[in-house]
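The values are calculated or read from the model by the stated rules, or taken from the named source; none is laboratory data. If you're wondering where the values come from, they're calculated on a predicted model, not measured in any experiment. Here the Cβ positions follow ideal geometry from the backbone for every residue, glycine too, while neighbour counts run over all protein chains shown.
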Amino acid sequence: MPEGLKRSEMTRMVEVVADADELARSVAQLIVAHSKVAISRSGLFTIALSGGSTPKRLYELMADPNEVFRSQLNWSKTHFFWTDERQVPPDHAESNYHMAYEAMLAHVPVPASNLHRVLSEETDPLQAARDYESQLQTFFSLETGQLPRFDLVLLGLGTDGHTASLFPGSELLQEKQQLVGAAWIEKLKSYRFTLTLPVLNNASTIAFLVSGAEKANVLHQVLQQTSHALPAQLINPTSGSLVWFVDKAAAINPDVPQ
Ligand code: 6PG
């Protein structure tokens, strides 16, 4: 590693693609490639899906029988988790699980036992977070204090710099022990569940998906490190890779007149 470069600098890549469709295609290729390596190494592939709207096209592409990706992913050996979830039932329009299920998981031969969702219908959000944490501990056979290591984590970027459900000012940004947090998000007037930074940063590969002109400002801030308060800036894999998949609309430098 060249002198003076931190690991996070060495392993951070930004791939600018033409548009949202190209972004979905590039990430689909990444998923298939990483799944093959993971399955050859350990017999399974663990991926944490992000929510919001950006990844929907990716999920549809993965399931599309007329595309190459569906047949290239070994669905029976792929285990799906979620980076974060809203406090709504799994069939609710706002549910991240519901979005991924409708766009992809309902249309592919993935065993139901491979879907590891937050039990977001639980009335006690803190209990739901604890439940998800114990799901992770069981699946990854974790000892106390150990972190799960996802083969791949997908993340989005909010215009306020949030990622997963780690929002600016959230006390979860300082969480070092828990694997899963539940926090009341005042501006959303709702609870959100999220994997915590230690878990996210323990992933083998993290891929951000950022699309659209409305993200140009915040993306510039995050990538140029012009501020240090944004949650997305705290995503730095401790021993993994970070790849930003960004479409041209989001990659425009807001400081340069177009
Ligand atoms: C969520 C997501 C969240 C999302 C960003 C970007 O639950 O909303 O996990 O972190 O990735 O808000 O959302 P869009 O893709 O809709 O812009």
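Descriptive notes on the structure:
- Taken together, the residues in the range 63-93 that are of a type in the set (A, V, I, L, M) and either in contact with a Ser or Thr (Cβ under 6 Å, 6 or more places away or on another chain) or within 16 Å of the ligand (Cβ to nearest atom) (or both) amount to 3.
- Applying a threshold of 6 Å to beta carbon distances and a minimum spacing of six or more residues, or different chains, the list of pairs starting in the range 186-204 at a residue that is over 19 Å from residue 12 (Cβ atoms) and assigned to a strand (DSSP E or B) and ending at one that is among the aromatic types (Phe, Trp, Tyr) and modelled with pLDDT of 95 or more reads 191/184.
- Considering residues of the range 141-158 that are closer than 20 Å to residue 77 by Cα and in contact (Cβ under 8 Å) with a residue 40 or more places away in the chain only, the residue surrounded by the fewest Cβ atoms within 10 Å (Cβ to Cβ): 149
- Odd one out for residue 109, checked against (1) closer than 15 Å to residue 181 by Cα; (2) out of contact with any His (no Cβ under 6 Å at 6 or more places or on another chain); (3) away from the ligand (no atom under 14 Å from the Cβ): (1)
- When every residue of the range 98-117 is checked against the conditions, at least one turns out to be without any contact (Cβ under 8 Å) to a residue 40 or more places away in the chain and within 23 Å of residue 175 (Cα to Cα).
- Within the range 99-140, the set of residues being under 26 Å from residue 57 (Cβ atoms), among the small types (Gly, Ala, Ser) and surrounded by 13 or more Cβ atoms within 10 Å (Cβ to Cβ) comprises 100, 103, 120.
- Test: residue in the range 127-138 that is in a loop (DSSP other than H, G, I, E, B) and either within 15 Å of the ligand (Cβ to nearest atom) or at pLDDT 95 or above (or both): no
- Helices (runs of 4 or more DSSP H) within the range 1-77 that include 2 or more residues modelled with pLDDT under 95: 7-10
Residues checked against (1) touching a helix residue (DSSP H, G or I) at 6+ places or on another chain (Cβ under 7 Å); (2) outside any loop (DSSP other than H, G, I, E, B); (3) basic (Lys, Arg):
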| site | (1), (2), (3) |
| --- | --- |
| 91 | yes, no, no |
| 98 | no, yes, no |
| 113 | no, yes, no |
| 118 | yes, no, no |
| 123 | no, no, no |
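- Taken over the range 191-232, the criterion of being of a type in the set (Ser, Thr, Tyr) and within 13 Å of the ligand (Cβ to nearest atom) is satisfied by 191, 194, 211.
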